[in-house]
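The values are calculated or read from the model by the stated rules, or taken from the named source; none is laboratory data. Just so you know, these numbers come straight off a predicted model, no measurement behind them. So basically every Cβ, Gly included, is an ideal-geometry build from the backbone, and we count neighbours across all protein chains shown. The accessibility values were calculated without ligands, DNA or RNA, using every heavy atom of the protein model including side chains. Shrake-Rupley method; radii C 1.70, N 1.55, O 1.52, S 1.80 Å.
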Amino acid sequence: MPGTSPLPSVIVLIPTLLRQYVDGRSAVRMNVADDGDVASLLDGLGEGRPLLEQRIREETGALRRYVNIYVDGEDVRRLDGLATAVPAGATVMIMQSVAGG
């Protein structure tokens with residue numbers, strides 16, 4: 001629409017193990033609302049990508065224990081969890097722990 005500005009966006013960095021669910025991309029640009037949080041960002045990222053959603057969150061909506069999310073370098077588990085605010089221009093990094101030996 002003329003006269004409207006686009007929503008602000010953030011960059012979501014995707015770990016190698018999850019790239020197959022986002023067409024092989026290492027980063028995804030997503031729009032965020034002014035009151036956006038990690039949960040709403042993950043809702044948008046997982047929309048139409050049920051396998052990606054299953055790899056990041058449990059059926060209850062909680063983060064899987066081996067998934068860590070950082071907003072501008074800060075671990076959301078040490079902030080407000082999924083309610084952590086995601087400001088415009090932020091970089092959100094999803095990391096998966098890999099077990100093995």
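From the residues in the range 51-101 that are modelled with pLDDT under 95, in contact with a Phe, Trp or Tyr (Cβ under 9 Å, 6 or more places away or on another chain) and polar (S, T, N, Q), which one is nearest to VAL10 (Cα to Cα)? Only one residue tops the list, namely GLN96. Within the range 44-59, the set of residues being of a type in the set (Lys, Arg) and closer than 14 Å to GLN20 by Cα comprises ARG49, ARG55. If only residues of the range 82-92 that are over 16 Å from ILE56 (Cβ atoms) and part of a loop (DSSP other than H, G, I, E, B) are counted, the one that is least open to solvent (accessible area, probe 1.4 Å) is ALA90. Being more than 11 Å from the chain's Cα centre (by Cα) and not aliphatic (A, V, I, L, M) is true of ASP75.
Would you check if ILE11 is surrounded by fewer than 15 Cβ atoms within 10 Å (Cβ to Cβ), within 13 Å of the chain's Cα centre (by Cα), in a strand (DSSP E or B) and of a type outside the set (Lys, Arg)? So ILE11 fits the description; yes. Beta carbons closer than 9 Å, at least 6 apart along the sequence or on distinct chains, pair a first residue in the range 67-85 that is of a type in the set (S, T, N, Q) with a second that is surrounded by fewer than 16 Cβ atoms within 10 Å (Cβ to Cβ) and assigned to a loop (DSSP other than H, G, I, E, B) for ASN68/SER97.
Residue-level check: of (1) surrounded by 15 or more Cβ atoms within 10 Å (Cβ to Cβ); (2) touching a Leu at 6+ places or on another chain (Cβ under 7 Å), ASN31 misses just (1).
Do we have any residue at all in the range 72-81 that's part of a strand (DSSP E or B) and touching a helix residue (DSSP H, G or I) at 6+ places or on another chain (Cβ under 8 Å)? Looking for residues that are part of a strand (DSSP E or B) and touching a helix residue (DSSP H, G or I) at 6+ places or on another chain (Cβ under 8 Å), one finds none in the range 72-81, hence no.
In this structure, does MET95 turn out to be in a strand (DSSP E or B), touching a residue at least 40 places away in the same chain (Cβ under 8 Å) and open to solvent by 20 Å² or more (accessible area, probe 1.4 Å)?
Against the criterion (in a strand (DSSP E or B), touching a residue at least 40 places away in the same chain (Cβ under 8 Å) and open to solvent by 20 Å² or more (accessible area, probe 1.4 Å)), MET95 qualifies.
Taking the conditions exactly as written (over 24 Å from LEU79 (Cα atoms), of a type in the set (Ser, Thr, Tyr), open to solvent by 30 Å² or more (accessible area, probe 1.4 Å) and at pLDDT 95 or above), does SER5 satisfy them or not? No.
Does ALA39 satisfy the condition of being of a type outside the set (D, E, K, R) and in contact with a strand residue (DSSP E or B) (Cβ under 7 Å, 6 or more places away or on another chain)? Considered against the rule, which asks whether it is of a type outside the set (D, E, K, R) and in contact with a strand residue (DSSP E or B) (Cβ under 7 Å, 6 or more places away or on another chain), ALA39 comes out as no. Please indicate, with yes or no, whether at least one residue in the range 48-64 is of a type in the set (A, V, I, L, M, F, W, C) and assigned to a strand (DSSP E or B). Yes.
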